[in-house]
Amino acid sequence: MISEEKKRVLDLFARGRKLYKLMQFEEAQKYFAQALKVDPDDGPSKVYLARCKHYIESPPPEDWDGVFVMTSK
């Protein structure tokens with residue numbers, strides 16, 4: 001059975017992911033940050049929050065397909 005806390009994290013993550021795909025990175029990062037307030041160890045939210053910050057600083061091209069391309073190791 002999934003806890004109420006985990007359901008909340010999943011809901012926040014899903015909302016953030018939808019905005020991320022729409023290239024609304026500033027709004028999306030708010031949801032990932034909220035998810036991390038509920039569960040500071042949520043790996044996917046950490047990853048997407050970092051990606052949002054990256055894309056806010058360096059936006060992807062208009063024809064972006066949602067794929068994150070790693071440029072350094």
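Laboratory data are not the source of any read-out in this text; all were calculated from the coordinates shown. The structure presented is a predicted model; accordingly, all values stated were derived computationally and were not measured. Reconstructed Cβ throughout: ideal geometry from the backbone, glycine too, with neighbour counts over all protein chains shown.
Just a few scattered comments:
- Filtered by the rule that a residue be touching a residue at least 40 places away in the same chain (Cβ under 8 Å) and not charged (D, E, K, R), region 21-73 gives Met23, Trp64, Gly66.
- Listing of helices (runs of 4 or more DSSP H) fully contained in the chain that carry 2 or more residues being touching a Gly at 6+ places or on another chain (Cβ under 8 Å), of a type in the set (Gly, Ala, Ser) and surrounded by 16 or more Cβ atoms within 10 Å (Cβ to Cβ): 25-38
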